[in-house]
Amino acid sequence: ETKAIRALRGRLLWFVDDPDAAGDAAYRYIADGLLVMADGLIASVGEAAQLLATLPPGAEIVDHRPHLIMPGFIDAHIHMPQTQVVASYGAQLMDWLNRYTFVEEQKLAQQGHPEKLARFFLDELLANGTTTAAVYCSVHPQSAQAFFAESERRNTRMVAGKVMMDRNAPEPLTDTAESSYADSKALIARWHGKGRQLYAITPRFAVTSTPEQLAAAGRLAAEHPDCHVQTHINENQAEIAFACELYLKAADYAGIYEDFGLLGPKSLMGHCIHMTKREWRAFAQAGAVAVFCPTSNLFLGSGLFDWDRARREGVRVAVATDIGGGTSYSMLRTMAEAYKILQLQGQSLSAFAALHAITRGNAVALGLDHWVGSLEPGHEADVVVLDTAATRAMAHRLETVRDLAEELFVLVTLGDERNVAATYVAGEAIASH
Ligand code: GUN
Ligand code: ZN
């Protein structure tokens, strides 16, 4: 039996280390490279001149020259039920939740609506070159069921969970401590580790959970230490005041999650903008991940994430769109906004650091770097093909770039889904855009 072998030819770029630590040794760039894929995995990678001769007869070669070939992008925090909330006017976090988000999320109770959103959502992620994401579904168990079923059909590597919330939300959007535990447990049994699907225990945030529900979430995390935990923290001053008022015995906002066993190495903590010294320390000690959501933090007026501080405190950072608080599905656009947020604080972000963050960096932060985020043999063959000259303005600007670093900085600063020439999931091309 001969295996289907497909090889992509083009300019290969991927990371083997963090550019902040390893500099130029952090990346691999092959100007005329070949990426050989078989059985959904990367079989080999190298110079086209050498590898072409090793291909068996009948192997398919897709010539993507002169495009860039990179590992598929990873989005560490995004809300599936908010695809029709994005771009809602004039509110900061708590009003935005009440006026727009909690209204729209109720529609996922309607027959067929979660399925429709899941199809749109995965189409949109893949069109943007995003092949892995950590996804919030709605409070309805069928929203997670619909998402996982659609992701399994497409064979995408996804992390997702049913939101748990049992207070401070409209009644139709609330579960209970007991039902959220039982429903999450059933979804874990059904989906965690099924094909490429992974479960994230998802208490929305301390404001919308009773202590009983956070305890139930903590119990789930202890019973399923290989599942992620995802939640929100320290995004907005009114939110922080509300959370701390609800949990008077906690040391601070992070202390709430700590007290219930929800701050650990698999915890993806959305936002982390307004952090105390003790909270940074608690994150570092727990190995928890701070998830930076640039377009959301600007759009909701939440504040400026301090990446240098996280680095100094030894806290791992992931980056994310946070649709629909965020305003773009594109991880390129997301990093362009990250650059500006850091500029406002006298910090910087090279193109290599930005492209590392949305591939290997996020894979490491999610603990999935043995599977995704790299073109090294053995990794899953999730790939994005990028045309750096896709728009008139970018083609024009590229006339003056002198080296790879400058070209990549133009890509990160001006790029979006128009630059995605193709996306491959487990070695298979998805329908072109
Ligand atoms: N905090 C609690 N829920 C949410 C949400 O849906 N989006 C954002 N940005 N913050 C939150
Ligand atoms: Zn969010």
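In this structure, does Asp166 turn out to be acidic (Asp, Glu) and surrounded by fewer than 18 Cβ atoms within 10 Å (Cβ to Cβ)?
Details: acidic (Asp, Glu): yes; surrounded by fewer than 18 Cβ atoms within 10 Å (Cβ to Cβ): no.
Here the answer is no, as Asp166 does not meet what is asked.
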Find the helices (runs of 4 or more DSSP H) located wholly in region 243-349 whose residues include 1 or more that are within 16 Å of ligand 2 (Cβ to nearest atom) and at pLDDT 95 or above, and list them.
-> 253-259, 294-299, 331-343
By residue number, the members of region 54-104 that are surrounded by fewer than 20 Cβ atoms within 10 Å (Cβ to Cβ), within 23 Å of the chain's Cα centre (by Cα) and of a type in the set (S, T, N, Q) are Thr83, Gln84, Ser88, Gln92
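Collect the residues in region 67-91 that are closer than 21 Å to Glu376 by Cα and not acidic (Asp, Glu), keeping them in residue-number order.
The first filter runs over region 67-91 and keeps only residues closer than 21 Å to Glu376 by Cα, leaving 67-75.
Residues satisfying the conditions are His67, Leu68, Ile69, Met70, Pro71, Gly72, Phe73, Ile74.
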The one condition in (1) surrounded by 24 or more Cβ atoms within 10 Å (Cβ to Cβ); (2) within 16 Å of ligand 1 (Cβ to nearest atom) that Ile240 fails to fulfil = (1)
For Ala318, which of the numbered conditions (1) touching a residue at least 40 places away in the same chain (Cβ under 8 Å); (2) more than 16 Å from ligand 1 (Cβ to nearest atom); (3) hydrophobic (A, V, I, L, M, F, W, C) fails to hold?
-> (2)
Residues within region 353-408 that are assigned to a helix (DSSP H, G or I) and farther than 30 Å from Gln230 by Cβ, tallied | 11
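Would region 196-204 turn up any residue that is away from ligand 2 (no atom under 16 Å from the Cβ) and either assigned to a loop (DSSP other than H, G, I, E, B) or farther than 22 Å from Val372 by Cβ (or both)?
Restricting attention to region 196-204, the residues satisfying the condition of being away from ligand 2 (no atom under 16 Å from the Cβ) are 196-199.
Of the ones still in play, those that are also either assigned to a loop (DSSP other than H, G, I, E, B) or farther than 22 Å from Val372 by Cβ (or both) are 196.
Yes: one or more hits.
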Residue by residue through region 276-291, note down the ones that are buried (at least 19 other Cβ atoms within 10 Å of the Cβ) and within 21 Å of Ala241 (Cα to Cα).
-> Glu279, Trp280, Ala282, Phe283, Ala290, Val291
Failed condition for Ala357, given (1) among the aliphatic types (A, V, I, L, M); (2) crowded, with 20+ Cβ neighbours inside 10 Å; (3) within 13 Å of ligand 1 (Cβ to nearest atom) = (3)
State the number of residues belonging to region 369-407 that are without any contact (Cβ under 8 Å) to a residue 60 or more places away in the chain and either of a type in the set (A, V, I, L, M, F, W, C) or more than 19 Å from His356 (Cα to Cα) (or both).
-> 15
Only one of (1) assigned to a helix (DSSP H, G or I); (2) within 20 Å of Asn98 (Cβ to Cβ) is not met by Ala216, so which one is it?
-> (2)
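The values are calculated or read from the model by the stated rules, or taken from the named source; none is laboratory data. Here the structure is a predicted model, which is why all the values come from computation and not from measurement. Quick reminder, even Gly has a Cβ in these numbers, built from the backbone with ideal geometry, and neighbours come from all protein chains shown.
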